[in-house]
Amino acid sequence: MVMFSTTTQMANGTNLHLENLFLSSIQPLTKSISRSKEEVNKAIESAKTAQKLWAKTPLWKRAELLHKAAAILKEHKAPIAECLVKEIAKPAKDAVTEVVRSGDLVSYCAEEGVRVLGEGKFLVSDSFPGNERTKYCLTSKIPLGVVLAIPPFNYPVNLAVSKIAPALISGNSIVLKPPTQGAVAALHMVHCFHLAGFPKGLISCVTGKGSEIGDFLTMHPDVNCISFTGGDTGIAISKKSAMIPLQMELGGKDACIVLEDADLDLVAANIVKGGFSYSGQRCTAVKVALVMKSVADTLVKKINDKVAKLTVGPPEDDCDITPVVTESSANFIEELVKDAKEKGATFCQEYKRKGNLIWPLLLDNVGANMRIAREEPFGPVLPVIRINSVEEGILHCNSSNFGLQGCVFTKDINKAMLVSDAMETGTVQINSAPARGPDHFPFQGLKDSGIGSQGITNSINMMTKVKTTIINLP
Ligand code: G3H
């Protein structure tokens, strides 16, 4: 039986026709697919209607359904991971990890929601000057309405549920616009929520190209909150959207500052993992290493030894480096590499590309005049800038228009704290590569890296409003 079929373009450039991919318990998803403006309107209308009832559903019941969805999601980790492998060339093991991590996120969110939303405040008026004890104020958290969730291609499941779960536990409805690459995995994930028994219309999935339906969705008068992860588009959305809460994560140029006393084996392991996992297609990837000159030769050698061991090839074989998501991404990465070549960077490996597959490349002696020093390749190419002082590293990091995460490696915690304070990024990791998880940690970017803070608790708070009721005594 063909449960669901679609044609999707894969990272290696070929078209994949997916048929009968899902387990037999999964029903067709055609009702969730909207493309025309009329269909988008319908999805938002249903979400608006369903939300009213959902907001009145007891909190424990909402949590119960989320726990159920989490379990179903984990049960279906194999077919969903298969979609991730085929659609976005995520290495097989990482694809499974993404689904399991997503199930855990949904469960944690259900538990946290019960705690955060289950309590309010009680204030009395006579604590403010000039007032008698004649007013009692009760606060609670109420939902916003319809939340529009727009996750990126690199985590079509995890960065979708990180928006869906907090929205639902808070009593909101969801309209999900999945990424073009990764849409099938996202549809399957949404279907797990449907199987859990969430009310009809509460969770809709609107597929289509951002360029075609993006503005219509983000400027829709019935959307009450937008949670977006992606690139520059987020800046445009924030300029065009109405007066609604926005949560945005828009990429980064995460710097890794390496001091002279750092454990260089630890640094090399973290730079390779941080810079090259999922072929560098993570907003938290290490995107520039700023290394003290005195230790640079030793560190570069250690990194190169590890780069040589990275496997390159198809995601099905669980290779470390797999094709990047589109041809245009590969072309962009190549532009940065060519620019670095022309301007004299040292190529630690030969530049090699086959279709969308780009071999891992470490560029040493990168100068500030090279594009790779400032731009985000979102690919397996990592620049090393040799610095004379910590201040020089901090200056380079802070001159970026991005400010997502950064990291510093040193054995001296006092120095690490000083560097952390000085780095203009939403998070600084001490002695580890940047990363968003664990998913309940706050996650935020400064400057062009975003607005608002994510992480489970922050997302729940962001997707609610405070409501007060005041009892006036005679
Ligand atoms: O690509 C952006 C993600 O938020 C990064 O998440 O650190 O778990 O890979 P990650």
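The values are calculated or read from the model by the stated rules, or taken from the named source; none is laboratory data. A quick note: this is a predicted structure, and the numbers were derived from the prediction, not measured. Counting neighbours? That spans all protein chains shown, and the Cβs are built from the backbone with ideal geometry, glycine included. Ligands, DNA and RNA are stripped out before the accessible areas are found, and what is left, the full protein with its side chains, is counted by its heavy atoms. Shrake-Rupley method; radii C 1.70, N 1.55, O 1.52, S 1.80 Å.
Quick notes on this one:
- Note on the chain: antiparallel DSSP beta bridges, both residues inside, total approximately 45 percent of the bridges counted.
- With a threshold of 23 Å on the Cα-Cα distance, the over-threshold entries among K90/K309; K90/K273; K177/K354; K42/K163; K86/K253; K301/K352 are K177/K354; K86/K253.
- Taken one residue at a time, the phi angles of segment 380-394 give Karplus couplings (6.51, -1.76, 1.60, θ = phi - 60°) of x, 10, 10, x, 10, 10, 8, 10, 8, 8, 4, 4, 4, x, 5 Hz. Gly and Pro are set to x.
- Alpha carbon centroid spacing (whole Å) that separates segment 44-85 from segment 267-310: 38
- Principal semi-axes in Å for segment 382-474 [√(5λ), Cα gyration tensor, largest first]: 36, 14, 13
- In this structure segment 336-463 gives 42 Å² per residue of accessible area when probed at 1.4 Å with all protein chains present.
- Here, the chain is characterised by an Rg to Rh ratio of 1.01, where Rg is the alpha-carbon radius of gyration and Rh the Kirkwood radius.
- Tilt relative to the chain, helix 77-88 - C-alpha long axis, 0 to 90 degrees, to 10: 50
- Annotation: segment 113-263 has a Kirkwood hydrodynamic radius of 17.9 angstrom, from the mean reciprocal C-alpha pair distance.
- Under 5 Å, built H, 5+ apart or other chain: amide partners of C407: A255, C256, I257, Q429
- Heavy-atom accessible surface of the chain: percent carbon and sulfur, 1.4 Å: 55
- Taking all protein chains together and a 1.4 Å probe, the residues H188, H440 rank H440, H188 from largest to smallest accessible area.
- The chain: angle of helix 264-276 to the longest principal axis, Cα-based, in degrees nearest 10: 60
- Helix 327-342 and the long axis of the chain differ in direction by around 40°, with both axes built from C-alpha atoms.
- For K447, the aspartates and glutamates whose Cα comes closer than 19 Å to its Cα, not counting residues fewer than 8 places off in the same chain, are D232, E249, D254, E375, E376, D421, E424.
- When the Cα atoms of segment 362-423 are aligned to their principal axes, the ranges along those axes come out at 32, 22, 20 Å in descending order.
- When peptides 459-468, 279-288 are sorted by average Cβ neighbour count within 10 Å, with the highest value leading, the order is 279-288, 459-468.
- Mean residue ellipticity at 222 nm, helices only, the chain: -12500 deg cm²/dmol; runs of at least 4 DSSP H residues each add -39,500 (n - 2.57), and the sum is divided by the number of residues.
- Distance between segment 316-353 and segment 114-142 - C-alpha centres, whole angstrom: 57
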